[in-house]
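Working notes for the structure below.
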Amino acid sequence: MTTVRNVARGVQSFTSNAFLVDGNRTVLVDAGSNFDAVGRIGDTVDELDAVVLTHTHPDHVGNAELIVDAFDVDVWGFDAEHDLVDHGIADGDDVLIGDDRYDVLHTPGHKNDHVCLYSSAGGTLFAGDLVFANGGFGRTDLEEGDHVALIESIEYLLSVVSDTLSTMYVGHGPTVDADPKYHIELALHAARMSA
């Protein structure tokens with residue numbers, strides 16, 4: 001059975017959430033930054049099979065090199081040209097995370113290489129910094145930010161996820177485990193209102 005733990009939980013420094021997904025394939029979704037991720041992963045599992053990135057902003061990848069060195073793993077991400085990425089993943093691909101296969105959804109707007117990872121069978125979404133709890137959405141005032149593209153990406157995400165979505169893991173803040181699709185709809189409304 002798949003278990004998901006946020007190894008960045010309780011960290012007070014600037015970091016993203018970093019989700020350790022234990023199962024048939026033990027994967028870290030986003031590496032976080034500015035904390036002892038290697039120690040926290042090692043306290044939980046003996047081996048790590050891969051790191052999958054939602055995008056390459058520093059708060060999501062700052063620990064990546066140390067994790068790669070410690071666990072001898074490859075990194076998967078949308079931008080195959082990025083120094084940290086060993087294997088490119090594209091919209092429509094799927095990746096095994098824990099016990100489930102996740103569809104890769106290219107969702108730019110916050111950053112060009114942003115992806116969401118969605119398992120229909122598992123009822124689970126890794127949303128990165130596209131959307132957050134209570135209608136929050138990713139900022140678009142950073143390099144590669146594009147508010148129109150962000151709105152289109154949220155629309156795309158809503159067109160793909162089903163009503164069986166039960167858990168949404170986000171890049172910052174709390175996990176959404178009560179009606180996550182509603183939170184995505186709120187984010188779309190809020191993003192449109194602020195356009």
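What follows draws every value from the coordinates through simple rules; no lab data is involved. What you are looking at is a predicted structure, and each value in this text was computed from that prediction instead of being measured. Cβ placement follows ideal geometry from the backbone for every residue including glycine, while neighbour counts extend to all protein chains displayed.
The table for this structure:
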| read-out | value |
| --- | --- |
| Residues 126, 14 arranged by fewest to most Cβ contacts within 10 Å | 14, 126 |
| Cα gyration tensor category, rounded, prolate or oblate, for region 1-99 with a/c compared to 1.5 | oblate |
| Nearest-ten-degree value, helix 180-193 long axis tilted from longest Cα axis of the chain | 50 |
| Charge dipole magnitude, Cβ of K and R +1, D and E -1 - region 1-80, Cα centre, debye nearest 20 | 360 |
| Residue-averaged [θ]222 nm for the chain, counting only DSSP H segments that reach four residues, each worth -39500 (n - 2.57) | -6500 deg cm²/dmol |
| 89, 151, 184 arranged by Cβ crowding within 10 Å, fewest neighbours leading | 151, 89, 184 |
| Positive dipole terminus of the chain, leading residue within 190, 167, 78 (C-beta point charges) | 190 |
| Sorted by Cβ neighbour density within 10 Å, fewest at the top, the residues 166, 16, 194 | 194, 166, 16 |
| In region 128-195, GluC sites (Glu not before Pro) in a DSSP loop with at most 13 other beta-carbon atoms within 10 Å | 143 |
| Shape parameters for region 40-98, alpha-carbon atoms, Rg then Dmax in Å | 11.6, 34 |
| Efficiency of FRET between residue 121 and residue 160 - r from beta-carbon atoms, R0 22 angstrom, step 0.05 | 0.95 |
| Reciprocal mean inverse distance between Cα atoms of the chain - Kirkwood radius, Å | 16.3 |
| Relative intensity, log₁₀ I(q)/I(0), of region 83-176 from a Debye sum that treats every alpha carbon as a point, q = 0.15, 0.17, 0.22, 0.25 Å⁻¹ | -0.56, -0.72, -1.18, -1.42 |
